[in-house]
Amino acid sequence: MTSAPDLLGLLPATVCAAIKDLLPDLRECEPHEGKYSLEELKREGLPSPAVKVSCLGAKQDKTFAGAPATFMLQMAAYVVTRDSLRMRREVAAANICQTIMTLVPEQDWGLAGLGRARSAALHSLVSTKVKSKGVSLWAVTWQQPISFHQPALQPLGMALYVGIDPAIGPDHTATYEIVGGGTDE
């Protein structure tokens with residue numbers, strides 16, 4: 001078996017790239033370590049609109065007999081908006097969240113070792129403190145199945161032969177042409 005040692009490191013950046021493709025007007029879309037909070041927003045002075053993508057944790061998932069352990073990641077995309085001349089912050093946040101909510105389900109982000117994303121959910125993180133800062137803060141969360149071990153590619157040990165009628169059957173197997181599998185590939 002081969003392992004994917006950088007899969008956890010690649011995932012948030014890969015999700016960010018997919019979000020940026022759909023929302024090119026974001027001023028920022030970057031990976032973030034852990035939960036995103038108002039305190040970090042105040043400290044960083046984040047441009048708006050912005051999205052921060054995080055892996056919040058993982059737990060072991062169902063493992064089948066003889067298979068390597070699989071895990072379920074808890075992922076989040078934090079959406080931050082401010083009022084602008086074009087749109088109120090809560091409307092901008094809703095539009096961005098809607099786009100992310102439609103993107104996430106069934107995504108494996110093109111990375112080997114990931115299962116299809118599921119259980120997407122939307123969470124308002126708006127509080128009195130957040131409102132007093134003139135921002136809207138939301139999170140789209142989802143579960144992402146992952147396996148850190150990929151089976152090595154191995155031949156199936158099968159071959160496909162073609163015979164042309166009427167020269168078919170046990171008496172004619174020596175004349176069959178191999179078209180797949182076997183040791184010739």
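The values are calculated or read from the model by the stated rules, or taken from the named source; none is laboratory data. Predicted model only: the values in this text are computed from it and were never measured. In this analysis, Cβ positions are derived from the backbone assuming ideal geometry, glycine residues included, and neighbour counts consider all displayed protein chains. For the accessible areas, the whole protein counts, side chains as well, though only heavy atoms, and no ligand, DNA or RNA atoms are used. Shrake-Rupley method; radii C 1.70, N 1.55, O 1.52, S 1.80 Å.
Which entries of LYS20/LYS59; LYS59/LYS133; LYS35/LYS133; LYS20/LYS52 have Cα-Cα distances beyond 23 Å here? Over 23 Å apart, Cα to Cα: LYS20/LYS59; LYS59/LYS133. For MET87, the solvent-accessible surface computed with a 1.4 Å probe is close to 70 Å², ligands and nucleic acids excluded. Other residues with beta-carbon under 11 Å from the beta-carbon of VAL51 carry, at +1 per Lys or Arg and -1 per Asp or Glu, a net charge of +1.
With a cut-off of 12 Å between beta carbons, the residues surrounding LEU26 carry a summed charge of -1, where Lys and Arg count +1 and Asp and Glu -1. Using a cut-off of 15 Å between beta-carbons, work out the net charge of the residues near ARG86 (Lys and Arg +1, Asp and Glu -1, ARG86 not included). Here the count lands on +1.
Taking the inverse of the mean reciprocal distance over all distinct Cα pairs, the Kirkwood hydrodynamic radius of the stretch 8-128 comes to 15.6 Å.
May I ask you to give the percent of accessible area on the stretch 54-108 that is carbon plus sulfur, with a probe radius of 1.4 Å?
54 percent
Equivalent ellipsoid of the stretch 65-124: semi-axes from √(5λ) of the C-alpha gyration tensor, largest first, are 33, 10, 9 Å. Across the stretch 89-139, Cα-Cα distances exceeding 14 Å account for 59% of all pairs.
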